[in-house]
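Remarks on the structure that follows.
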Amino acid sequence: MSSIGTGYDLSASQFSPDGRVFQVEYAQKAVENSGTVVAIRGKDGIVFGVEKLVMSKLYEKGSNKRIFHIDRHIGMAVAGLLADARQIADIAREEAANYRSDFGGPIPSAVLADRVSMYMHAYTLYSFVRPFGCSVVLSSYDEDGPHMHVIEPSGVAYGYYGCAIGKGKQAAKTEIEKIKMKEMSMHELVNEVARIVYTIHDEVKDKAFELELSWVGKGTEGLHQFIPAEVQEEAEKLAKKSLEDSDSDEDM
Amino acid sequence: MYQGLLPGGDDSFWQNGPRPGAFYSFPNHLPKQSTKVTEDPFRCTLNPMVTGTSVFGVKFDGGVIVGADTLGSYGSLARYRQVSRLLRVNDTTVMGSGGDCADFQFIKSVIEQRVIEEQCLEDGFKFTPKALFNWLTRVHYNRRSRFNPLWNTTVVGGIENGEPFLGYVDKIGTAFEAPSVASGYGAYIAQPLLRDELEKHPVLNERQAKELIDRCFKVLFYRDARSWNRYELAIVTRDSKARIEGPFSSETDWDIAYSVGGYE
C-alpha cells in the first residue's frame, strides 16, 4: 500500500514519475493515524460521532474537542493533526463572517465547503508550505434539507450521505453502508453513530476514548449543537450494551 | 515706502507670500500636512443622514427597561416609521441607539458577528452588559479622536452579576452609569420625569417602570418634533431572558390644538 517516494517527496511542488504528489499522500497518512470520525446524514439532520482517543488519564475531560462550530448553523468534525484543523476552523469561521457581511445571511455549507477546499488545495501547490494534515467534515441543515461535505488534505470535497475518516474508517464504512440512513431521523441516528464508534474502537491498540457527539437538523432548528447530556448518556449506554451482546454472540 | 507691507499691497520682494493672519498652503508640500482640513478626504466633518431621536432607560427592581421609538427621520421628514433602534445582544444584554441609523446598523453587525464568534467558542463566557458598554466607549472615543465619529448615542442595559446595569455612551466617548439615562431630547424632557419618579419611589416594579416609560414617550411625542408615537421596549430581568416587546403606542390627547388660534 505505502510506497517510498524517494527523491520525489521533498515538496508539494513535485510530481513523481507515476503522477503522484507524495506530500499530499503523506498528509493523508496523518489523517489515517487519528481517531475515527463517523458522520451520517439522515432525513432531517446530520449526526457527528468522534472517537477522541485519550492519550493520558491526566487530561481534563472535554479538552481538545474535535468538533467545532462554524457560525451558528454549520458543524465541523476533524480527523488528523488537531493544530492544522484549528486553523481550518478559523478560516472557515472567517469565510462565514465575510459571507455574512457581504450577503447579509448565513453561508450555505456547499459554498463554505467550496471555499475551504480551495484554501486547503492552495497549500498543496507550493514548496514553501506543507499541506494540511487533516480532513474535515462540514454539516448543516437549511430549507433544502441536510448537507454534508468532506474535504481532504488534497483539497477535494465531496458531498456524502454517510462517511468515516480516520483510523477505523474502513470498518466504519462497512457499518454505515448497512444503515438505511435516508429514512432515519436525527434521534435514531444518534444511537446508530454511537454504536458504530464503539464497535470500531480497537480496545487493544487504543485504550481510552471519549465519544464526542453533535448534531444539526430540524430538531435543533438548524443550529449546530453538541448533543444534550441525557441523549448522549442514553446513546452510549445502548452502544455499550450492543457491544456486550455481540461479544456474547461471539463467545457462542 | 511701507506700501509692500500692507495686505493686498504690491510688493516686488515678497510675491505670493503668506498674508498675515491667514493660513498658507506651502507649494510642493505633501497633502497630509496641508493646513486645509477639507483637502484630506479621510478627515471629514460628518453629518448624520437618517437619524433616530431619543433613547432612554430606567432601572427597576430586578431589571432594566430601555425604550426607543421606531422612527428614522430624514432631516425633518418622518421617512422610515418601522425602524427598530433596539438590539438584543444576548440573554443578559440589550442596547438602543439614537443618532445616525447607518452607523447603528454598522455597529449592530459588528456586535452580532462578535456574538456569533463567542457562540462558536462555547467556552462558557458570554458578553455582559458592562463589557459591551466598555467596548462601545472605547470604539466611540477612538473614532472621535480620529475625527471620524460613529454618530450615535447609545444606552446599554442588562443584568450584570445579578444586578441591573444601565449605561450611556456618547458619540464623543462620554460614558456613565445611572439609575435612569436618556439621550437627545429625552435628556431634557424624559430624564426629569424619570428622576422625579425615582426620587418619590426609589424602587419600581416592572409595571410601574413601563407606565413611567409610556408617560415619557407620550410627552416626547407631544414636544419632540422628530419623534413618533410607536415605540419598542427592551426588557431584561434577573429571572427572564432579554426580550424586545412592542410596538406600543401612547394614548395622546390633542384637544388642546383647538384652543390654539390661527390654524382653523
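The values are calculated or read from the model by the stated rules, or taken from the named source; none is laboratory data. All values reported here derive from a predicted model rather than from experimental measurement. Cβ coordinates were reconstructed from backbone atoms using ideal geometry, including for glycine residues, and neighbour counts include every protein chain displayed. Just the protein is used for accessible areas: all its heavy atoms, side chains included, with ligands, DNA and RNA removed. Shrake-Rupley method; radii C 1.70, N 1.55, O 1.52, S 1.80 Å.
Interface residues of segment B:118-157, defined as those with an accessible-area decrease of at least 40 Å² between the chain by itself and the complete set of protein chains (probe 1.4 Å), are B:120, B:122. Put a dot 7 Å past the Cα of residue A:18, heading toward its Cβ, do the same for residue A:183, and the two dots end up 4.4 nm apart. Per-atom-type breakdown for the protein assembly as shown gives carbon and sulfur 53% of the accessible area (1.4 Å probe, protein chains only). Percent of C-alpha pairs per 5 Å bin in segment B:177-257, short distances first: 3, 13, 23, 25, 21, 11, 3, 1, 0.
Binning every alpha carbon pair distance of the protein assembly as shown at 10 Å from zero, what are the percents per bin? Bin by bin from 0 Å, the calculated values are 4, 15, 19, 16, 16, 14, 9, 5, 2, 1, 0, 0, 0. Taking a sphere under 13 Å around the Cβ of residue B:105 and counting the other residues whose Cβ falls inside, with K and R at +1 and D and E at -1, yields a net charge of -1. For residue B:116, neighbours were defined as the other residues whose beta-carbon sits under 9 Å from its Cβ, and their charges (Lys and Arg +1, Asp and Glu -1) total 0.
Amide H to amide H distances under 5 Å link residue B:50 with B:101, B:102, where only residues 5 or more positions off or on other chains count and H is placed in the peptide plane.
With all pairs of different alpha carbon atoms counted, what Kirkwood hydrodynamic radius in Å does segment A:7-92 show? Before the final figure, lay out each step's value.
On the way: mean 1/r = 0.0652 Å⁻¹.
With all distinct Cα pairs of segment A:7-92 included, I get 15.3 Å.
Extending 7 Å from Cα along the Cβ direction at residue B:205 and again at residue A:246 yields two label points whose distance is 6.1 nm. Here r is the Cβ-Cβ distance between residue B:187 and residue A:110 and R0 is 56 Å; the resulting FRET efficiency, rounded to 0.05, is 0.65. Mean residue ellipticity, 222 nm, helices only, chain A: the sum of -39500 (n - 2.57) across DSSP H runs of n ≥ 4, divided by residue count and rounded to 500, is -12500 deg cm²/dmol. Sequence-ordered 3J(HN,Hα) estimates for segment A:44-60 from the Karplus curve with 6.51, -1.76 and 1.60 and θ = phi - 60° stand at 9, x, 10, 10, 9, x, 10, 8, 8, 5, 9, 6, 9, 5, 7, 5, 6 Hz, glycine and proline given as x.
Taking amide H as placed 1.01 Å from N in the peptide plane, the amide H of residue B:151 sits under 5 Å from that of B:100, each at least 5 places away or on another chain. In order along segment B:132-137, the phi-based Karplus estimate (6.51 cos²θ - 1.76 cosθ + 1.60, θ = phi - 60°) of 3J(HN,Hα) comes to 5, 4, 5, 4, 4, 4 Hz; Gly and Pro are listed as x. With K and R counted +1 and D and E -1, the other residues having a Cβ less than 9 Å from that of residue A:92 yield a net charge of -2. Distant-in-sequence amide contacts of residue B:89, defined by a placed amide H-H separation under 5 Å and a gap of 5 or more residues or a different chain, comprise B:94, B:95.
Model label sites at residue A:205 and residue A:54, defined 7 Å from Cα along the beta-carbon direction, differ in position by 2.1 nm. The largest-to-smallest principal axis extents of the Cα set in segment A:186-252 are 45, 23, 17 Å. Across segment B:222-235, coupling constants 3J(HN,Hα) worked out from phi with the 6.51/-1.76/1.60 Karplus curve, θ = phi - 60°, read 5, 9, 7, 6, 10, 10, 8, 8, 7, 9, 10, 10, 10, 10 Hz, and Gly and Pro carry x.
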